[in-house]
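Taking it in order: structure first as structure tokens, then the write-up.
Since every read-out is calculated from the coordinates, none of them should be taken as a lab result. On a predicted model such as this, the values are computed, not experimentally measured, just so you know. Here the Cβ positions follow ideal geometry from the backbone for every residue, glycine too, while neighbour counts run over all protein chains shown.
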């Protein structure tokens with residue numbers, strides 16, 4: 001090892017010397033001792049060539065990496081070969097990036113785009129046909145605080161509440177729900193919450209029963225019954241009415257065969273029922289009677 005002196009403020013150079021062209025320079029403490037760089041000096045520590053770390057890297061001050069490489073920063077079990085984290089700074093005019101902003105406990109973590117420009121987009125991608133998933137482990141909600149657009153299919157697998165107006169340019173299609181009436185209106189005879197259009201099949205004869213869901217004011221359910229009619233009730237012991245008659249079991253409304261019914265929830269205890277034949281003719285008001 002050669003120690004090269006210089007003029008004041010020009011630094012001291014420690015470098016390997018050898019009869020060979022290239023030679024490594026290794027620093028080691030003794031046993032489990034720690035190698036410390038700059039614990040007294042107050043200037044920065046600069047690594048001017050590619051650097052690798054085969055164990056934990058702990059730094060108690062600011063770290064700045066200057067690189068225009070596709071793997072400017074690569075972290076992983078096999079380093080840059082299959083990194084768990086990689087920063088690509090290879091774009092010729094790259095000035096954009098992502099900032100991770102920490103906060104106090106319960107203050108959240110902020111991931112945001114940074115740039116020399118005023119406005120900058122932030123894009124998140126899976127690989128290939130992989131899926132981008134948000135919130136598959138956390139149990140809190142997901143908030144979109146600005147206008148959002150979807151250029152492909154949007155599948156919603158849980159209950160959603162939209163507090164603003166919704167405009168569907170190409171229309172909005174509800175998936176039909178099939179129910180089969182039963183002797184007690186349970187199991188396959190229950191219309192699920194949120195159903196918009198229902199195709200009903202009698203479960204043997206016209207005395208088999210279909211049960212409406214728990215009332216939610218504003219819900220409208222259309223139901224078509226085929227060649228054999230059925231009876232319709234509200235949830236047992238709910239005191240919920242159909243056309244102003246309690247229909248939770250003591251009474252029920254008979255729906256003729258090949259009828260299109262529209263149930264509209266007008267209060268927490270009331271459904272109104274309108275019906276037409278398969279030809280579109282309006283039926284006289286259907287009034288529940290004794291079961």
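Put a dot 7 Å past the Cα of residue 244, heading toward its Cβ, do the same for residue 68, and the two dots end up 8.3 nm apart.
Residues of segment 96-139 with an amide N closer than 16 Å to a point placed 7 Å from the Cα of residue 90 along the Cα-to-Cβ direction: none. Working from label points 7 Å from Cα in the Cα-to-Cβ sense, the residue 279 to residue 132 distance is 5.5 nm. Using the Cβ-Cβ distance between residue 54 and residue 116 with R0 set to 35 Å, the FRET efficiency works out to roughly 0.50.
Sorted from greatest to least, the principal axis extents spanned by the alpha carbons of segment 149-205 come out as 47, 20, 18 Å.
Normalised by the empirical 2.2 N^0.38 Å for globular proteins, what value does the Cα Rg of segment 70-120 take?
Numbers: Rg = 14.1 Å, N = 51, 2.2 N^0.38 = 9.8 Å.
Cα Rg divided by the expected 2.2 N^0.38 Å: 1.44.
Quick check on packing: order 17-24, 85-92, 111-118 by the mean number of other C-beta atoms within 10 Å, highest mean leading. Working shown, then result.
Values: 17-24: 7.4, 85-92: 11.9, 111-118: 10.0.
Going by the mean number of other Cβ atoms within 10 Å, highest first, we get 85-92, 111-118, 17-24.
Gain on full extension, evaluated as 0.36 nm per residue between residue 4 and residue 39 minus their Cα-Cα distance, stands at 10.4 nm. With all pairs of different C-alpha atoms in the average, the Kirkwood value for the hydrodynamic radius of segment 53-140 is 16.1 Å. DSSP bridge analysis restricted to the chain gives an antiparallel fraction near 70%, rounded to the nearest 5.
Give the label of the value calculated from the structure for Rg and Dmax of the Cα atoms in Å, choosing from [x] 35.3, 108; [y] 26.8, 111; [z] 24.3, 72. Given [x] 35.3, 108; [y] 26.8, 111; [z] 24.3, 72, the calculated one carries the label [x].
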